[in-house]
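To start, the structure itself, in structure tokens.
The values are calculated or read from the model by the stated rules, or taken from the named source; none is laboratory data. These numbers were taken from a predicted model, which means no experiment stands behind them. Because the Cβ atoms are built from the backbone with ideal geometry, glycine has one as well, and the counts that use them run over all protein chains shown.
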Amino acid sequence: MNIERIAKLSKYNSKKVKVDGIEFDSKQESRFYLYLKEKLDRKEIKSFELQPSYELTPKFIKCGKTIRAITYAPDFKVIYNDDTIELYDVKGFSTQASEIRKKLFDYRYPDIKLTWITYVKKYGGWIETDKLKKIRKENKK
């Protein structure tokens, strides 16, 4: 397993990381990749893919101008041993654009589970971002 830090930054100032020759946008994303590889080795999952693409709106023509399709590519697609599928997007934080894409995805693909996760050692490792928000909100009280 070859882990290499890359000097360039991603669009949200996280350092790009290269693992097994694959360039990831963040250390967290590469960490989740390694986590999934371990699950695959232990046969806890059937397979996984990196950045599958899903069309949210098709391309169309307006006033003679072609408008590109809107797509969404979560970080990982996991296929479990029972053939269920779950998509994962590793998030440090969400943006308004990512929230809109998630809503469009959930509307367009109601039968595919999309989970946003982050890694927080304090709470045991990988945690859904919605659960983390609830915990942090409760801790403020």
Next on the checklist: Where the second residue is assigned to a helix (DSSP H, G or I) and polar (S, T, N, Q) and the first is under 17 Å from residue 77 (Cβ atoms) and lies in the range 17-46, which pairs have Cβ atoms under 9 Å and are six or more apart or on separate chains?
Outcome noted: 22/30; 24/30
Next on the checklist: I need the full set of residues from the range 48-69 which are within 19 Å of residue 111 (Cβ to Cβ), without any contact (Cβ under 8 Å) to a residue 40 or more places away in the chain and of a type in the set (Ser, Thr, Tyr), in order please.
Outcome noted: 53
Checklist entry - Is one or more of the residues making up the range 83-91 among the polar types (S, T, N, Q) and touching a strand residue (DSSP E or B) at 6+ places or on another chain (Cβ under 7 Å)? => result no
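Select, from 80, 119, 109, the only residue that is touching a residue at least 40 places away in the same chain (Cβ under 8 Å) and under 15 Å from residue 36 (Cα atoms).
119
This table checks each residue for (1) farther than 27 Å from residue 47 by Cα; (2) modelled with pLDDT under 95; (3) outside any helix (DSSP H, G or I).
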residue: 87; (1), (2), (3): no, no, yes
residue: 92; (1), (2), (3): no, yes, yes
residue: 101; (1), (2), (3): no, yes, no
residue: 135; (1), (2), (3): yes, yes, no
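Suppose the filter is at pLDDT 95 or above, surrounded by 11 or more Cβ atoms within 10 Å (Cβ to Cβ), touching a Phe, Trp or Tyr at 6+ places or on another chain (Cβ under 9 Å) and β-branched (Val, Ile, Thr); does residue 79 pass it?
yes
Yes/no matrix, rows are residues, columns are (1) loosely packed, with under 11 Cβ neighbours inside 10 Å; (2) among the hydrophobic types (A, V, I, L, M, F, W, C):
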site: 90; (1), (2): no, yes
site: 93; (1), (2): yes, yes
site: 98; (1), (2): no, no
site: 102; (1), (2): no, no
Checklist entry - Do the conditions hold for residue 36, that is, is it closer than 20 Å to residue 113 by Cβ and part of a strand (DSSP E or B)? => result no
